[in-house]
Structure formats: structure tokens, C-alpha cells
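Asker: After the C-alpha cells below, expect a handful of questions from me.
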Amino acid sequence: MKKYILALVTSALAVLSGCDKPATSTTDPTSPQTKAKGTIGVSLLTLDNPFFKVIGDNITAEGKKRGYETIVVSGDKDVAKQGNQIKDFIVKKVSAIVLSPCDSKAIIPVIQEANAAGIPVFTVDIPCNEPGVKIVTQIATDNYGGGKEGAQAMIEALGEAGGKIAVLHFKQAESCQLRVKGFTEVINAHNAAGKGKIEIVTELESGGAKDMGYKAAEDALQAHSDLRGIFAINDPAALGARAALEKAGKTQVVIVGFDGQPEGKQAIKEGKIYADPIQFPDKMGVQIVDAIVRHSKGETLPPQMLIPTSLYKKADALKDPELK
Amino acid sequence: MKNSRFLADYGMIFVLLLLCAFFSVVTNSDQSPTGEAAAKQVVSAIQSQFGKNPRVLIAVSDQQGDAAFAASTERELTAAGAQVVATVKGEPKDAREALVKTNATGGKLDAIACTQVTGAWLVFADLKTDFPALGEPRVITPRSYRWPNFLKSENLLNIANQIAIIAIIAIGMTMVIITGGIDLSVGSMIALSSVVAARFIRDHANGVGASVGGMLAGCLVAILLCGTVGAFSGTMITRFRVPPFIVTLSMMLVCSGAAYKLSNNTTISEIPDSFIWLGRGADFLGLPNAVVLMMALYLLAHVLMSRMKLGRYIYAVGGNAEAARLSGVAVEGVMMFAYIASGLLAGLGGVVMASLLKSGSGTFGNMYELKVIAAVVVGGTSLTGGQGKIFGTLIGAFIIAVIENGMNLTNIESQMQKIVLGLVILGAVLLDKIRHR
């Protein structure tokens with residue numbers, strides 16, 4: 001009996017120490033890496049979404065290049081869990097904390113703790129604009145500008161005729177509100193100019209997910225059989241909408257998405273989505289490390305750094321080496 | 001004989017100790033002294049390297065502990081005849097400003113006295129090229145010593161504080177599982193309770209300006225509401241014989257939906273700052289208040305389960321409900337008690353969470369029921385009922401907390417953390433089974 005237990009425990013610990021290799025080797029004072037400038041603790045909203053995975057991977061890669069160790073963990077959309085992760089970072093005395101808050105209000109006391117411990121805090125993608133917290137700089141996509149680009153693509157696709165369009169929203173997310181704001185402004189300006197009037201007939205909740213996007217698009221088609229276009233606030237919602245269009249046999253309806261995830265880009269290549277204002281999670285990751293270095297060098301950083309989107313259409317997809 | 005009994009009941013404590021030992025070894029890393037001790041080291045290093053009259057810049061962060069270091073270093077250096085050019089308290093850019101100023105006035109600089117943290121600032125990395133007029137100042141930091149991050153008292157208290165919510169709820173869950181039932185609604189009740197408490201304070205107790213009484217009332221309403229939900233589940237289970245799994249699954253959905261509805265899908269944070277007392281304060285011997293609360297509840301529950309009639313009845317009901325009924329135990333009443341206790345404790349857990357995060361939201365406590373059940377089962381309580389120990393659950397909760405914390409400290413990324421946690425839970429239970437065979 002005892003042997004079993006011993007074997008079990010030792011094998012479990014062996015597994016644990018196995019995963020720990022990279023950490024122990026770098027904290028070993030005899031290793032040549034003692035020049036490491038410190039550790040960057042990163043807690044992202046989730047790692048299920050490839051977007052955040054790319055941010056995390058790029059922070060790790062760029063951090064390594066600049067001589068930092070990194071630890072990237074997922075908050076799993078659970079702000080209490082994220083709070084625990086930040087506290088563990090504080091105990092570890094990391095040199096910088098990067099986070100995309102799971103809840104920008106509930107995370108306040110935790111950020112304040114990091115502030116009190118003298119650790120600089122940066123946000124990526126999701127800002128925290130609440131009073132009482134000190135954040136060195138916030139790096140995010142220019143969602144407002146991206147929405148404008150999306151509207152230009154829509155105007156171009158609908159051409160002279162104009163017509164009715166639907167917006168698949170995700171109202172909970174501030175980023176999506178900005179996207180729709182930019183989109184609506186350009187559409188309104190276009191309508192004011194007079195030709196090819198585009199009418200936003202409905203704004204439905206898509207949850208930013210395929211299943212809800214599908215349902216929302218189906219409902220929109222029921223209500224407006226002459227729908228000509230759909231603006232979806234992200235790729236999953238756009239792809240869900242596309243499925244609904246295919247089912248209803250209305251594939252002539254133009255979809256403009258947002259994001260530029262691989263699946264979305266593929267759909268653009270196949271003509272299923274007309275265009276995406278694409279985000280650059282890789283640039284975000286690199287820029288955040290750059291910001292950490294600049295802050296540590298004593299530079300004054302702007303409170304916010306926006307990364308512009310760029311419009312991605314079929315022609316771009318055909319040239320894209322990353323797509324099959 | 002007595003020893004083996006203890007082993008059978010609390011064998012998991014060795015797993016916990018083993019984990020602690022393991023993480024102590026792998027998190028062993030450089031620590032730096034702080035305050036006066038650090039100042040002494042730095043001052044003597046500067047004196048021995050630069051002789052009588054060095055020109056020194058002191059750089060610390062604006063953290064509280066650093067002020068003592070800066071003051072003490074400045075005092076001792078001046079007393080020893082050194083010239084302190086400037087003392088920087090703040091961020092790297094403040095240090096840069098001071099360097100630029102010194103550079104402009106053409107003064108040489110011999111040393112920069114730093115803490116471990118400020119010594120790593122990159123602003124001091126290329127002094128020779130950035131500020132040629134300063135000469136070649138050297139960055140002096142206190143000598144570091146080795147000590148496990150895991151064993152820092154700050155970290156151990158963190159672990160206890162992190163697990164307090166789950167451990168508190170696990171008390172009720174242990175009772176429910178010992179009666180042979182299960183309560184899946186506790187995670188959603190955290191959300192419901194946090195939202196109700198936060199909303200009550202915002203709408204009925206003057207929001208940010210709420211008095212202590214108002215806050216207490218909000219918490220009480222939230223806890224009692226969850227107790228009522230528990231009573232409802234209990235009634236469904238005892239009176240209408242609906243399986244606990246189904247009843248509490250339904251209540252999980254109801255509570256979660258209600259929490260989102262009541263909070264209007266937002267985070268309610270219009271609560272006074274003093275509300276964080278329960279979740280973040282530490283008034284008793286430096287122990288976090290939530291941990292003190294947890295310990296008190298565990299003592300209470302332990303006495304209840306091992307010394308009182310009701311506790312015996314709970315075991316009896318779970319062991320064999322029919323036999324218990326025939327020997328005169330009010331089986332239905334005992335089960336009602338377990339579900340109400342579980343509800344009340346989940347409500348309390350929600351209040352602690354609301355206090356910890358100074359807000360209430362429907363997203364809180366998502367999937368916590370599984371963590372709570374894991375803590376109970378890892379602690380040695382049998383899912384078939386009739387067996388289990390209250391302190392076993394506490395140990396189970398700590399095992400989970402230690403693994404999570406240890407992995408965060410050792411740079412293990414999230415996906416791997418899930419795999420390891422899953423395997424360790426399985427391994428722990430397996431170990432228990434083998435031992436009992």
C-alpha cells in the first residue's frame with residue numbers, strides 16, 4: 001500500500017517539477033541568464049480566444065528579446081481569479097504587470113494593491129478608465145477608427161443602390177460600442193451627402209459569438225426580407241450571420257466583420273465575408289513590452305496608445321501567405 | 001491505533017505538507033532586505049568602495065516601505081560625510097529628471113543607492129552613454145539572500161485569503177454531501193448574494209455614503225435570501241423527492257439569471273470604501289478578517305459535526321436514511337438544515353467576494369460550485385454520503401489553493417495549470433481510495 005502512495009506522490013511531483021523547468025533554470029544564479037531584467041506578469045481576459053493568445057505569445061517573445069522573463073496566465077473571465085493572479089504577481093515582485101481586466105470596476109482594489117506595491121501596471125486591449133487607479137499606459141485597438149473603416153467597406157459594397165442593413169452588436173463591451181459608434185457616424189455622414197442611402201434598420205445583440213450571431217441574423221432576415229448588409233462587431237458573430245444567410249439562401253447579403261482572426265480571414269478569401277477592419281494583437285504584444293522598457297528607462301508615456309486597424313478584403317486574403 | 005485513526009481521517013494533510021515543501025523548494029529565489037537593514041548594507045558598501053566623500057543619488061519607489069530605506073540611507077550617508085545629491089521617490093521618469101538635472105550642472109556622481117526594485121530600472125542601465133557628464137556612477141543595491149517566495153508570510157496569508165470564500169462555502173457543501181446530497185447552486189448564489197448586497201447598499205443605504213448599519217443590513221438581506229433559496233431547495237428535495245442534483249441545478253440557473261437581472265448586466269460598484277473591511281482588512285493579529293471568519297466557522301462546524309446530536313444525525317442520514325428514520329431521527333429536518341446552511345454560507349461567501357472586489361456582479365462565482373465540491377472531495381468526504389470530516393474539507397481547500405498559488409509563483413502558464421490541477425485532484429482522491437482499501 002505505502003509503495004503505491006509513495007509512487008503516486010513522487011510521480012505527481014515529478015510532473016510538476018517537469019513543467020517548472022524553465023522557471024527554475026532562470027532563477028538559478030549560476031546560469032548565464034542572471035542578466036534578466038525581471039519578470040513581466042501578464043493576466044489576460046481569457047486564452048480561449050486566439051486573439052488574446054496571440055497577444056500573450058508576442059509579449060513572451062518580445063519580452064525574451066528584451067531580456068525579460070514573462071508569465072502569461074488567463075483570468076478565464078473570472079475577476080476574482082484574476083485578482084488572485086495579480087496578488088501572486090505582487091508577492092513574486094514582478095517588474096511590471098500587464099492585464100486585460102475581466103471587469104474594469106471590480107479589478108480596481110487589486111490594481112490599487114499593485115500601485116501600493118510600487119509595481120507599474122499596464123492594460124492591453126481592455127482599458128480600465130476608473131478613478132483611483134494608476135495605470136502607466138493603456139494599449140488598445142482604435143475601435144472607433146475601425147468602425148469607420150467598416151462603414152466605408154459597407155458603403156463601397158452596397159454601391160449606388162444603398163439599402164437596409166443590420167448591426168449585430170455586443171453592447172456589454174465598450175470596444176464594440178466604439179466600433180458601432182464609428183460605423184454609424186460614417187454611415188450617417190454618407191447619407192447626409194445624399195446618394196445611395198443606407199438605413200440601419202435594426203441593432204441586435206449577438207453576444208459576439210457564433211450561435212447568438214446566427215440567431216440574431218435569422219431574426220433580422222425575418223423582419224427585413226430586403227436586407228442588403230450586415231455589420232457584425234467581431235468575426236464569430238459575422239460567421240454566425242453567414243451561416244444564417246446560407247440557410248436562408250440569401251448569400252447576396254453583404255457582411256462586414258471585425259477582428260481578422262484566421263477563420264474570419266479564410267471566410268474573406270472565400271468571399272463569405274466582404275471585408276474586416278483587422279486588429280493587430282501581435283503589434284499590441286510587442287508594443288506593451290516596448291512601453292514597459294520605455295517606462296523603466298524613465299520616459300513619460302501617453303496615457304493611451306491606440307493601434308489603428310486596417311481594412312482587409314478579398315484581394316488581401318488572396319495574397320496572405322498564412323491562409324491555405 | 002489512535003494514530004492510524006487520525007491518519008485515516010486527515011491523511012490528506014501529508015499531501016498538503018508535501019506540496020508546501022515542494023513549492024518551497026522550487027520558489028526559492030533572491031529576496032532583498034528592506035528598510036533600515038537594507039540601508040545599512042548599502043551605506044557600508046558605498047563607504048568601502050568610494051571612501052570618504054562620495055556623491056550619491058538615492059532612488060526609491062513611492063512605496064511605503066521604501067521611505068524608511070531612503071530616510072535612513074540619507075541620514076547615515078550624510079553623517080559619514082557623503083554628499084547626497086538628490087533623493088528620488090517615485091517612478092523611473094523621476095529618476096531620469098534628477099539625473100538630467102545633475103548632468104546639466106556638471107556634477108559627477110559616484111554611486112546610486114537603490115533598492116532591489118529600483119536597481120533594476122533601465123534608466124540606470126546606460127548611464128555612461130545617456131549622461132556622460134556624471135562620470136561612471138555605480139548602482140548599489142542591498143545584498144540579496146535566498147528564501148522561498150512561497151514561504152513569505154505575505155504569500156501564506158494570501159493563500160488563506162484566496163481560499164477563504166471557497167472554504168467557507170465548502171462547510172455547507174460538506175454537510176450536504178454527507179447527507180448524501182449535492183448543492184450545485186452555490187456558485188450562482190455567490191453572484192446573487194454579491195449583487196443583492198451591492199444593490200441594497202446602492203439603492204437603500206445611500207450608496208457610497210452608506211453607514212455601517214446600512215452595509216450590514218445589505219449583507220444580511222443577501223445572506224438571508226440565499227438561505228431562503230437553500231430552504232426552497234431543501235423543501236423540494238425532502239417534500240417532493242426531486243433529486244438534489246436536479247433541484248440545485250435549477251436553482252443554479254435561477255440564481256444566476258436573477259443575479260444578472262438584478263445587476264442589469266453591469267457591475268455595481270457604488271459602495272463605500274470601508275466595505276472592503278471583511279474581504280481585505282486584517283485586524284486580528286495581522287490575520288485577514290476573511291480568514292479569521294473562516295477559522296471561526298470551521299471551529300463551530302467541527303464542534304457541531306463531532307460533538308453535537310445534530311452532527312451525528314447528519315452522518316446517520318447520509319449513512320442510511322431509512323435506518324436513521326426508524327431510529328427516530330427527523331431525516332427531513334436534518335436535510336433541510338444542511339441545505340439551509342449551505343445557502344446561508346454561500347450567501348456569506350458572496351458577501352465576502354463583494355467585499356473583496358468592492359462590487360457585485362452576475363459574473364462572480366462562475367463555476368465555483370465545482371471548486372467547492374473538489375475541495376470537499378479532496379478533503380476525504382465521500383460523494384455517496386455518510387463519511388467525511390469538516391477539517392478534512394479545510395485541508396482539501398488548502399491543497400487546491402496551494403497548487404494554484406504555487407503554479408502562479410513558478411511561471412506555469414494557464415493551460416498547463418488546468419491540466420495539473422485536474423490531475424492532482426484526481427491523484428489526491430485516488431490516493432485516498434487506495435489508502436482506504
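Asker: Can you give the % of DSSP beta bridges in the protein assembly as shown that are antiparallel, to the nearest 5?
Answerer: 15
Asker: Next question, about the same structure. Computed on protein heavy atoms with a 1.4 Å probe, what is the summed buried accessible area for the chain pair B and A, in Å² to the nearest 100?
Answerer: The buried area between B and A, both sides summed, comes to about 5100 Å².
Asker: With Rg and the Kirkwood Rh both taken from Cα atoms, where does Rg over Rh land for the stretch A:145-271?
Answerer: My calculation puts Rg/Rh at 0.93.
Asker: Give me the 1.4 Å probe accessible area per residue for the stretch B:153-436, excluding ligands and nucleic acids, in Å².
Answerer: 39
Asker: Could you pull the Rg and Dmax for the stretch A:36-135, using just the Cα atoms, both in Å?
Answerer: 12.4, 34
Asker: Accessible area drop of at least 10 Å² (1.4 Å probe, protein heavy atoms): which residues of the stretch A:100-115 qualify, relative to the chain alone?
Answerer: Listed by number, the residues meeting the 10 Å² cut-off are A:ASP103, A:LYS105, A:ALA106, A:PRO109, A:VAL110, A:GLU113.
Asker: Which percent of the accessible area of the protein assembly as shown is formed by carbon and sulfur heavy atoms (probe 1.4 angstrom)?
Answerer: Result for the protein assembly as shown: 60 percent of the exposed heavy-atom area is carbon or sulfur.
Asker: So what J values fall out for the stretch A:287-302 if you push phi through Karplus, 6.51 cos²θ - 1.76 cosθ + 1.60 with θ = phi - 60°, rounded to Hz, Gly and Pro as x?
Answerer: Coupling constants for the stretch A:287-302: 5, 5, 5, 4, 5, 4, 5, 5, 5, 5, 7, x, 7, 8, 9, x Hz.
Asker: Does the protein assembly as shown come out rounded, prolate or oblate by the C-alpha gyration tensor, with a ≥ b ≥ c the root eigenvalues, rounded set by a/c under 1.5 and, if not, prolate when a/b is larger than b/c and oblate if not?
Answerer: Cα axes put the protein assembly as shown in the oblate bin.
Asker: Could you tell me which of rounded, prolate or oblate describes the stretch B:132-225, using a ≥ b ≥ c as the square roots of the eigenvalues of the alpha-carbon gyration tensor, with rounded for a/c under 1.5 and, failing that, prolate when a/b is larger than b/c and oblate otherwise?
Answerer: In terms of gyration-tensor shape, oblate.
Asker: Do the sum for chain A: with -39,500 (n - 2.57) for every DSSP H run of n ≥ 4, divided by all residues, what is the mean residue ellipticity at 222 nm, to the nearest 500 deg cm²/dmol?
Answerer: -16000 deg cm²/dmol
Asker: Would you be so kind as to identify which of B:LEU220, B:LEU304, B:SER29 lies farthest towards the positive end of the dipole of chain B, taking Lys and Arg as +1 and Asp and Glu as -1 on Cβ and the Cα centre as origin?
Answerer: B:LEU304
Asker: When the Kirkwood hydrodynamic radius is evaluated over all pairs of different C-alpha atoms of chain A, what value in angstrom, to one decimal, is obtained?
Answerer: Computed over Cα pairs of chain A, the Kirkwood hydrodynamic radius comes out at 21.6 Å.
Asker: I've got another one for you. Rank B:VAL329, B:CYS114, B:VAL176 by how far each Cα sits towards the positive end of the charge dipole of the protein assembly as shown (+1 on Lys, Arg Cβ; -1 on Asp, Glu Cβ) and give me just the farthest.
Answerer: Comparing the listed Cα positions along the dipole, B:VAL329 ranks first.
Asker: Further, regarding this structure: Relative contact order of chain A: what whole-number percent is it, with Cα pairs under 8 angstrom and at least 6 residues apart?
Answerer: The value is 16 percent.
Asker: Next question, about the same structure. Tell me, what is the 1.4 Å probe accessible area of A:ILE273, in Å² to the nearest 10?
Answerer: 0
Asker: Just the accessible area per residue of the stretch B:35-143, please: how many Å² with a 1.4 Å probe?
Answerer: Heavy-atom accessible area per residue stands at 47 Å².
Asker: Once phi is turned into θ = phi - 60°, what whole-Hz ³J(HN,Hα) does the Karplus curve with 6.51, -1.76 and 1.60 give for every residue of the stretch B:115-127, x standing for Gly and Pro?
Answerer: Each residue's phi maps through the Karplus curve to give 8, 4, 5, 6, x, 8, 4, 6, 4, 8, 6, 10, 4 Hz.
Asker: What is the magnitude of the charge dipole of the protein assembly as shown about its Cα centre, with +1 placed on the Cβ of each Lys and Arg, -1 on the Cβ of each Asp and Glu, and no other charges, expressed in debye to the nearest 20?
Answerer: In debye, rounded to 20, the protein assembly as shown gives about 1620.
Asker: Go ahead and estimate [θ] at 222 nm for chain B from helices alone: -39,500 (n - 2.57) per DSSP H run with n ≥ 4, summed, over the residue count, rounded to 500.
Answerer: Result for chain B: -22000 deg cm²/dmol, rounded to the nearest 500.
Asker: Over every pair of different alpha-carbon atoms in the stretch B:216-311, take the mean of 1/r and invert it; report that Kirkwood radius in Å.
Answerer: 16.6
Asker: Round to the nearest 10 and report in Å² the accessible area of B:MET295, as given by a 1.4 Å probe over the protein chains' heavy atoms.
Answerer: 80
Asker: Where a ≥ b ≥ c are the square roots of the eigenvalues of the C-alpha gyration tensor, would you call the stretch B:333-437 rounded, which needs a/c under 1.5, or, failing that, prolate if a/b is larger than b/c, or oblate?
Answerer: oblate
Asker: What ratio of Cα Rg to 2.2 N^0.38 Å holds for the stretch B:244-392?
Answerer: 1.21
Asker: Over all Cα pairs of the stretch B:82-177, how is the pair count split among 10 Å bins, expressed in % and running from 0 up to the last occupied bin?
Answerer: The percentages, shortest bin first, are 13, 32, 16, 14, 12, 8, 5, 1.
Asker: Pairs A:LYS53/A:LYS319; A:LYS77/B:LYS358; B:LYS152/B:LYS389: which are spaced more than 19 Å apart, C-alpha to C-alpha?
Answerer: With Cα atoms farther than 19 Å apart: A:LYS53/A:LYS319; B:LYS152/B:LYS389.
Asker: Give the separation of the Cα centroids, the stretch A:81-157 to the stretch B:306-372, in Å.
Answerer: Here the answer is 38 Å between Cα centres.
Asker: For the stretch B:185-262 and the stretch B:70-95, compute the distance between their C-alpha centroids and round to whole Å.
Answerer: 55
Asker: In addition: How big is the gap, in Å, between the Cα center of the stretch A:159-222 and the Cα center of the stretch B:263-286?
Answerer: Taking the Cα centre of each part, the stretch A:159-222 and the stretch B:263-286 sit 39 Å apart.
Asker: Something else now. Can you give me the solvent accessible area of A:LYS181 with a 1.4 Å probe, rounded to the nearest 10 Å²?
Answerer: 110
Asker: What would the Debye formula give as log10 I(q)/I(0) at q = 0.22 Å⁻¹ for the alpha-carbon point model of the stretch A:251-324, no solvent?
Answerer: Normalising to I(0) and taking log10 leaves -0.90.
Asker: For the stretch B:157-259, calculate the relative contact order in percent as a whole number, restricting contacts to Cα pairs under 8 Å that are 6 or more residues apart.
Answerer: In percent, rounded to a whole number, it is 38.
Asker: On to the next question. So what is the accessible area of chain A per residue, in Å², with the probe set to 1.4 Å?
Answerer: For chain A, the per-residue accessible area is 42 Å².
Asker: Could you tell me how many cubic angstrom of Cα convex hull volume the stretch B:153-436 has per residue?
Answerer: Dividing the Cα hull volume of the stretch B:153-436 by its residues yields 137 Å³.
Asker: Sequence-distant or interchain residues sharing an amide H contact under 5 Å with A:THR137, placed H: which?
Answerer: A:THR123
Asker: List, largest first, the extents of the alpha carbons of the stretch A:119-201 along their principal axes, each in whole Å.
Answerer: Ordered largest first, the stretch A:119-201 gives principal extents of 56, 19, 18 Å.
Asker: Using Cα positions and a limit of under 20 Å, work out the lysines in reach of A:LYS181, with same-chain residues fewer than 8 apart set aside.
Answerer: Output for A:LYS181: A:LYS148, A:LYS164, A:LYS171, A:LYS197.
The values are calculated or read from the model by the stated rules, or taken from the named source; none is laboratory data. Worth saying up front: this structure is predicted, and the values here are computed from it rather than measured. As a convention, Cβ positions derive from the backbone with ideal geometry for all residues, glycine included, and neighbour counts pool all protein chains shown. Only protein heavy atoms, including side chains, enter the accessible area calculation; ligands, DNA and RNA are left aside. Shrake-Rupley method; radii C 1.70, N 1.55, O 1.52, S 1.80 Å.
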